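> Dumping the structure here so I can ask a few things about it.
Every number here is computed from the coordinates shown, using simple stated rules; none is lab data. Note that the structure is a prediction, hence the values are computed from the model and not measured. Virtual Cβ from ideal backbone geometry, glycine too; neighbours counted across all protein chains shown.
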């Protein structure tokens, strides 16, 4: 979104939230706010920003913060992810289907490799964090389900935080952030 589009978005918000004085009172204030907002909304198309402001107006009496515009923009543009229950269903199906054991000489793969290949990467990541073998050996499926759901929700929260932060980070900082998030040591 350009600076001009951001200012237009602010004027739209001002029209939709006439009692909110935080959006600026005159053209100078609107330009100052627009300058700050345009930096943090530069990766969002204008039409998506408009839809995000309209969604905020439909659901809240308060003018949107930048974080709310970005959150609505993600909801409007990204396909919905798996719910915790859907991810659990895939997980338990893989555990039951492949189990844990020696290499399958027909496929040339170990069961955990076949399970990994059958799952979306984000589901396998949580299973890997929990320990695939431990999951296969667990006798208490209800406890395992609770642990998986909590781990899934935490990973989903981290994915959402990353999605919110990455687009606004400067390039040099972005690489360091990604390296830290992936468990690599930063330089310097």
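> Ratio of Rg to Rh for the chain, alpha carbon only, Kirkwood? Please list the in-between numbers first.
Values: Rg = 22.6 Å, Rh = 19.8 Å.
Rounded to two decimals, Rg over Rh is 1.14.
> Turning to a different aspect of this structure: Rounded, prolate or oblate for segment 3-77? Axes are the square roots of the Cα gyration tensor eigenvalues, ordered a ≥ b ≥ c, and the cut-off for rounded is a/c under 1.5. Don't skip to the end; give the middle numbers.
Working: a/c = 1.98, a/b = 1.17, b/c = 1.69.
Oblate, since a/c reaches 1.5 and b/c is not below a/b.
> Also, quick follow-up: Taking 1 over the mean of 1/r across every pair of different Cα atoms in segment 84-181, what Kirkwood radius in Å do you get?
Values: mean 1/r = 0.0668 Å⁻¹.
About 15.0 Å for segment 84-181.
> Where in segment 36-72 is the amide nitrogen less than 18 Å from a point lying 7 Å along the Cα-to-Cβ axis of residue 3?
Flagged as within label range: 36-44, 46.
> Once you keep just the Cα pairs under 8 angstrom separated by 6 or more residues, what percentage relative contact order results for the chain? Intermediate values should be presented prior to the final figure.
Details: 145 pairs, mean separation 31.7, N = 188.
So the answer I get is 17 percent.
> Mind sorting 72, 11 by how few other Cβ atoms lie within 10 Å of their own Cβ, fewest first? List each step's numbers first, then the result.
Numbers: 72 21, 11 15.
Exposure proxy ranking, most exposed first: 11, 72.
> Build a GNM of the chain with springs between Cα atoms under 10 Å: which of 160, 147, 56 gets the top mean-square fluctuation?
Of the options given, 147 has the highest mean-square fluctuation.
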